[in-house]
Amino acid sequence: MRKKIVAGNWKMNLDITEGAQLVNDIFNGSPQLDENKIVVIAPPYIHLTQTASQLAGMDFIYLGAQNCHQEASGAYTGEVSAAMLKSAEVAYVIIGHSERREYYKEDSAMLAKKVNQALVNGMQVIFCCGEPLEIRDANTQNAFVEKQIKEGIFHLSAEQFKNIVIAYEPIWAIGTGRTASAAQAQDMHAHIRSVVAAQYGAQTADDTSILYGGSCKPSNAGELFGNADVDGGLIGGAALKVADFLSIIAAMG
Ligand code: 13P
């Protein structure tokens, strides 16, 4: 049975004090979770050890990182390795976010290496994909996303692939207030699942959690998550507001 997941990607927001407060507030909100309905919190690197100790007493809320380096270690000033993240008790690493693809020129070859680093170090990957507006307007989004997935994660063995969560985040919906409709999300998620099925078989595809991201908020989370192939969300702005984040978590049902 695949997991439902709501993951909060804080991006480059909140200082140490604010981050601690937000995690505390989430805890006090007593989200109803279980082993198949989980939350991931992905703060900036500098928060990780603090957040890890806060999460130590919380069941079914896992620590995430927003990136990792593609090499194991070495002279890469300012970078953080997957092994370091693992040592900070990180369980999930977001790889291939559109902001990293665009602003830091992370291409598929680099992302595939990052995925390998995360898996070798025993973490799960939230692999992001999603098309820009011009691709959506040309109605070629299925092929675009399929290529991202094939290049980023289809080098993995079936055993390794069990540690992959996919997040579909249409770029035109990120931080814009313009959400994909429930039908657009469902269509793409079903397509992604069929692509995974063709490579790894129906069972693996059925077991893979596919999250939606892009202006997900309390007012649309229920409708989005109500789709057969939408297994939760990767949440940006609304993950910074405790009431909104708790409400989106509750929308997992
Ligand atoms: P928003 O929820 O702010 O649109 O961001 C989505 C996102 O990029 C999560 O990774």
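The values are calculated or read from the model by the stated rules, or taken from the named source; none is laboratory data. Just so we're clear, the structure is a prediction, and the values are computed from it rather than from any experiment. All Cβ positions, even for glycine, are placed from backbone atoms using ideal geometry, and neighbour counts span all protein chains on display.
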Selected residue [of a type in the set (Val, Ile, Thr), within 16 Å of the ligand (Cβ to nearest atom) and in contact (Cβ under 8 Å) with a residue 24 or more places away in the chain] from ILE94, ILE61, ILE38: ILE94
Right, ILE210: within 21 Å of ILE94 (Cα to Cα), among the hydrophobic types (A, V, I, L, M, F, W, C) and at pLDDT below 95 or not? no
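Name the single residue that is farthest from the chain's Cα centre (by Cα) among those in the range 182-224 being of a type in the set (Ser, Thr, Tyr) and within 12 Å of the ligand (Cβ to nearest atom). Reasoning before the result, please.
Filtering the range 182-224 for residues of a type in the set (Ser, Thr, Tyr) gives 194, 200, 204, 208-209, 212, 215, 219.
Applying the additional criterion that residues be within 12 Å of the ligand (Cβ to nearest atom) yields 212, 215.
Working: TYR212: 9, SER215: 14 Å.
Step by step, filter the range 182-224, then rank; the result is SER215.
State the number of residues belonging to the range 226-244 that are more than 15 Å from the chain's Cα centre (by Cα) and in a helix (DSSP H, G or I). If you could, list the steps in order and put the result at the bottom.
Step one: list which residues in the range 226-244 are more than 15 Å from the chain's Cα centre (by Cα), which gives 226-229, 240-244.
Subset that is in a helix (DSSP H, G or I): 240, 242-244.
The qualifying residues number 4.
Within the range 121-132, does at least one residue satisfy the condition of being modelled with pLDDT of 95 or more and part of a helix (DSSP H, G or I)? Show your work before the answer.
Of all residues in the range 121-132, those modelled with pLDDT of 95 or more come to 121-132.
Retained after the next criterion (residues that are part of a helix (DSSP H, G or I)): none.
No: zero hits.
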Of all residues in the range 155-181, how many are in contact (Cβ under 8 Å) with a residue 40 or more places away in the chain, more than 16 Å from the ligand (Cβ to nearest atom) and part of a helix (DSSP H, G or I)? 3
Within the range 166-212, work out how many residues are over 18 Å from GLU99 (Cβ atoms) and of a type in the set (A, V, I, L, M, F, W, C). 13
Test: VAL145 is surrounded by 14 or more Cβ atoms within 10 Å (Cβ to Cβ) and either within 20 Å of ASN13 (Cα to Cα) or in contact with a helix residue (DSSP H, G or I) (Cβ under 8 Å, 6 or more places away or on another chain) (or both): yes
Pairs only if they're at least six apart or on different chains, beta carbon under 7 angstrom, first in the range 225-245 and within 8 Å of the ligand (Cβ to nearest atom) and at pLDDT 95 or above, second aliphatic (A, V, I, L, M) and assigned to a loop (DSSP other than H, G, I, E, B); list them, first residue then second. GLY236/ILE174
In the range 1-18, which residues are within 19 Å of the chain's Cα centre (by Cα), away from the ligand (no atom under 16 Å from the Cβ) and either buried (at least 22 other Cβ atoms within 10 Å of the Cβ) or of a type in the set (D, E, K, R) (or both)? ARG2, LYS3, LYS4
Just one of (1) under 17 Å from VAL125 (Cα atoms); (2) in a helix (DSSP H, G or I); (3) without any contact (Cβ under 8 Å) to a residue 60 or more places away in the chain trips up TYR212, so point out which. (2)
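Looking at the structure I just gave you, is GLN70 touching a residue at least 12 places away in the same chain (Cβ under 8 Å) and farther than 15 Å from VAL115 by Cα? Please lay out each step first, then the result.
Details: touching a residue at least 12 places away in the same chain (Cβ under 8 Å): yes; farther than 15 Å from VAL115 by Cα: no.
In short, no.
Each row is one residue, and each column tells you yes or no for (1) over 25 Å from ILE149 (Cα atoms); (2) of a type in the set (S, T, N, Q); (3) touching a His at 6+ places or on another chain (Cβ under 8 Å).
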| position | (1), (2), (3) |
| --- | --- |
| ALA205 | no, no, no |
| TYR212 | no, no, yes |
| GLY222 | yes, no, no |
| VAL230 | no, no, yes |
| ILE235 | no, no, no |
| LEU240 | yes, no, no |
| ILE248 | yes, no, no |
